[in-house]
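This report concerns only the one structure given below.
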Amino acid sequence: MLSRLPAHAVIALWTLLIGVPLYLLTVSTFKSTLEIYQNPLGLPEAFTLDNFVEAWVRADFSTYSWNSLVVTVGSILLTLLLALLASYPISRFRSWWATPMLGFFLLGLLVPVRLASVELFMLMKDLGLLNSHLGLILVYTATRLPFAIFILSNFMRAVPVELEEAARLDGAGHVRLLWSVLTPQVRPAVGIVTIFTAIAVWNDFYFPLLFIFDPKMRTLPLGLSTFVGQYGTDWGVLFAGLLLSMLPLALLFLFTSKQVREGVGAGGVK
Amino acid sequence: MSTDTVATESDGTEPMPKPRKRTVRRAHGLAGWAFLLPALLVYVIFLVYPMIRSLLGSLWDWRGMRAQSFTGLDNFTRLFSGQNADLVTNAFWHNVLWFIGVLVVQNMIGLLLAYILFVRGARWTFFQNWFFFPAILSPVLVGALWRLILTPDGPLDGVLMGMGITSEPLTLLGNGSTALWVLIAVDIWNWIGLPILVFLAGLNALNPEIFEAARLDGASSGRTLFQIAVPLVTPSVTTLAVLSFINSFNQFDIVYVMQGVQGGPNFATDTLVTFFYRLAFGAQGSVGITDVGLAMALGAILFIFMTAVSGMALRFFNKRAEMIQ
């Protein structure tokens, strides 16, 4: 089949194409801007943490991180809760509306949500949800629900009927059936939804850009994007902030890459 | 992704006397709505409702952020006349080029890498993870990182000039004829893991005997790839084509972070969504000149265009995939 040498060369080339920029990002966090320009690819002269301290203290990084954490965890929990509840009748009931309802939710994967931002903005304003984390959580939940319901109902459909019947004979109601029987069975799907919601929400800066005006309420990507303008020439500090901001997701990815591969394979996500 | 391949059989099918069964089903129905309602409410209020209002809003005259009076197709006429028409056409072609670039280059490279990993060692999960890694980075990070790499007299120039390939700094991002291609390349770098994983899932689902047979027949690796692997992973290609389309016509983040909301230099990287954003919210956050009516018209056209194309593509390709199988 594929001769070994060119095949390995292609793999090596793309490995480097990703590795070199990431290496550059990492070493730049220890350098001054001058050093970045004079010696971009070399190791730093000194491994000083000045840039990190600067990013953490002067750039309000700690506030942004906290805000991002609240919004991300809130969105994951709400998305999971609502999607689990909705996937139960969609995948396990014989109602006439189960399939059309799934289709209705899946439409959300196709529609360009951003084009509704004016009306969404006015809605948020009327509901008093501008400048609030709850507002962001609700919008993220609405945009993440289609994927979550798609994955969860797919997995739930595969749970054997016998399990459900046994639980029913034991007198389990709908809530107990969903919580104690079905949810443990679809744990991989819960994992997939958690990771993809985490990635999407943690990295998003479009909705905070629209809905957050108070600097104290900014999430990481928005905070750091204003930071790009403000510290546009101070690359070292900027990259220290960016590197810190990606660490939680990088760690999550390290431990859950199997679910990520499954999730993408299951339908392609972005 | 597909909306019409959903099986419904799932509930217990224990034989029961007819009247009894009907009552069970009705009870199910009511309980079902109770479980469905919370998700449905959030989804409809924060996604479906604003979407529908935006479509209708394109027919209204806007002052500030509020609709004032019905004007019919006036917004659309204004959008397609004079300077606005030029800006729309300009941005539209950038999205088309973006789509073609991602569709062809990203998916070809993705297929090649996936095929090598499949043939040579799909168990090398390290490389799958490594190639996917940029996809978990925020657009702010990706944009800033590539801006540093490409900055005049920056790292890339340093290497190229050190090797004597160029004698003066490149200004790829400041040059109107190259900037768009740079952004497309960055997008490809960012999302290459997506086609790799989708193709790998498709290839792994195939019967390995097919490849064994091809090898025994003495088929070259190129022929095996294009005449056996590619046709058999048509469903993956469909998914990826639709995803490439949706993502290319939604481009905003990378342009905003790397070239600003004006799609600089001189609108050379302007896209439909950055143009929409400027019309709706102004050039600088919420200040600047806005024309919400135009934004609504642009949004409505894009919405109909995108939903129609991706819906038709899914339908068409699903039929073809069924025929092949």
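Please specify each residue of region A:146-162 satisfying the condition of being open to solvent by 20 Å² or more (accessible area, probe 1.4 Å), assigned to a helix (DSSP H, G or I) and at the interface with another protein chain (Cβ under 10 Å from one of its Cβ atoms). Hits for region A:146-162 are A:Phe150, A:Asn154, A:Arg157, A:Val161, A:Glu162. Counting only residues that are more than 7 Å from chain B (Cβ to nearest Cβ) and either open to solvent by less than 20 Å² (accessible area, probe 1.4 Å) or of a type in the set (Phe, Trp, Tyr) (or both), region A:96-112 holds 3 of them.
Considering only region B:223-251, how many residues are within 16 Å of B:Ile192 (Cβ to Cβ) and of a type in the set (S, T, N, Q)? The number of residues fulfilling the criteria is 5.
So which of B:Val242, B:Val257, B:Val273, B:Val292 ends up being open to solvent by 10 Å² or more (accessible area, probe 1.4 Å) and touching a Phe, Trp or Tyr at 6+ places or on another chain (Cβ under 9 Å)? Spell out how you get there, then give the answer.
Values: B:Val242 fails: open to solvent by 10 Å² or more (accessible area, probe 1.4 Å); B:Val273 fails: open to solvent by 10 Å² or more (accessible area, probe 1.4 Å); B:Val292 fails: open to solvent by 10 Å² or more (accessible area, probe 1.4 Å).
Residue meeting the stated conditions: B:Val257.
Out of the residues in region B:295-320 that are open to solvent by 10 Å² or more (accessible area, probe 1.4 Å) and aliphatic (A, V, I, L, M), which is modelled with the lowest pLDDT?
Filtering region B:295-320 for residues open to solvent by 10 Å² or more (accessible area, probe 1.4 Å) gives B:301, B:303-305, B:307-309, B:311-320.
Okay, now just the ones that are also aliphatic (A, V, I, L, M), so B:301, B:304, B:308-309, B:312-314.
On the way: B:Ile301: 94, B:Ile304: 91, B:Ala308: 89, B:Val309: 89, B:Met312: 86, B:Ala313: 83, B:Leu314: 78.
Out of the qualifying residues, it is B:Leu314.
A count restricted to region A:27-50 and to residues that are surrounded by 19 or more Cβ atoms within 10 Å (Cβ to Cβ) and away from chain B (no Cβ under 14 Å) stands at 1. In region A:114-132, of all residues being over 16 Å from B:Leu41 (Cβ atoms) and open to solvent by 30 Å² or more (accessible area, probe 1.4 Å), the one that is nearest to the other protein chains (Cβ to nearest Cβ) corresponds to A:Arg114.
Among residues of region B:228-248 that are in contact (Cβ under 8 Å) with a residue 12 or more places away in the chain, those with a Cβ under 7 angstrom from a residue that is outside any helix (DSSP H, G or I) and of a type in the set (A, V, I, L, M), sequence gap 6+ or separate chain, pair up as B:Leu232/B:Leu206; B:Thr239/B:Met1; B:Val242/B:Met1.
What tally of residues in region B:143-177 results from selecting those that are among the hydroxyl-bearing types (Ser, Thr, Tyr) and closer than 25 Å to B:Phe131 by Cα? Lay out the reasoning, then the answer.
Filtering region B:143-177 down to residues among the hydroxyl-bearing types (Ser, Thr, Tyr) leaves B:151, B:166-167, B:171, B:177.
Within this subset, residues satisfying the condition of being closer than 25 Å to B:Phe131 by Cα are B:151.
Selection size over region B:143-177: 1.
Of all positions in region A:194-209, none carries a residue that is among the small types (Gly, Ala, Ser) and over 21 Å from the mean Cα position of the chain (by Cα).
Here A:Leu24 does not qualify as open to solvent by 30 Å² or more (accessible area, probe 1.4 Å), out of contact with any Lys or Arg (no Cβ under 9 Å at 6 or more places or on another chain) and either within 14 Å of A:Lys216 (Cα to Cα) or not small (Gly, Ala, Ser) (or both). Counted as qualifying within region B:26-127 are the helices (runs of 4 or more DSSP H) with 1 or more residues that are under 30 Å from B:Ile192 (Cβ atoms), open to solvent by less than 70 Å² (accessible area, probe 1.4 Å) and aromatic (Phe, Trp, Tyr), namely B:82-101, B:107-121.
Of the residues A:Leu242, A:Leu224, A:Leu178, A:Leu182, the single one that is in a helix (DSSP H, G or I), at pLDDT below 90 and buried (at least 19 other Cβ atoms within 10 Å of the Cβ) is A:Leu224.
From the residues in region A:163-173 that are in contact (Cβ under 8 Å) with a residue 12 or more places away in the chain and open to solvent by less than 40 Å² (accessible area, probe 1.4 Å), which one is farthest from the other protein chains (Cβ to nearest Cβ)? Don't jump to the end; show me each part of the working.
Initial filter on region A:163-173 (in contact (Cβ under 8 Å) with a residue 12 or more places away in the chain): A:163-164, A:167.
Pick out the ones that are also open to solvent by less than 40 Å² (accessible area, probe 1.4 Å) and you get A:164, A:167.
Numbers: A:Glu164: 6, A:Ala167: 11 Å.
Of everything passing the filter in region A:163-173, A:Ala167 is farthest from the other protein chains (Cβ to nearest Cβ).
Evaluation of A:Phe207 against the conditions (1) surrounded by fewer than 19 Cβ atoms within 10 Å (Cβ to Cβ); (2) assigned to a helix (DSSP H, G or I); (3) aromatic (Phe, Trp, Tyr) shows that the sole unmet condition is (1).
Report the residue count in region A:2-21 for those that are buried (at least 17 other Cβ atoms within 10 Å of the Cβ) and not small (Gly, Ala, Ser). Lay out the reasoning, then the answer.
Filtering region A:2-21 down to residues buried (at least 17 other Cβ atoms within 10 Å of the Cβ) leaves A:2, A:7, A:11, A:14, A:18, A:21.
From the residues that got through so far, the ones that are not small (Gly, Ala, Ser) too are A:2, A:11, A:14, A:18, A:21.
Summing the residues that are buried (at least 17 other Cβ atoms within 10 Å of the Cβ) and not small (Gly, Ala, Ser) in region A:2-21 gives 5.
The values are calculated or read from the model by the stated rules, or taken from the named source; none is laboratory data. Treat the numbers as computed from the prediction; the structure is a model and nothing was measured. Positions of Cβ are generated from backbone atoms using ideal geometry, with glycine treated the same way; all protein chains shown enter the neighbour counts. Remember, those area values only see protein heavy atoms, side chains included, never the ligands or the DNA or RNA. Shrake-Rupley method; radii C 1.70, N 1.55, O 1.52, S 1.80 Å.
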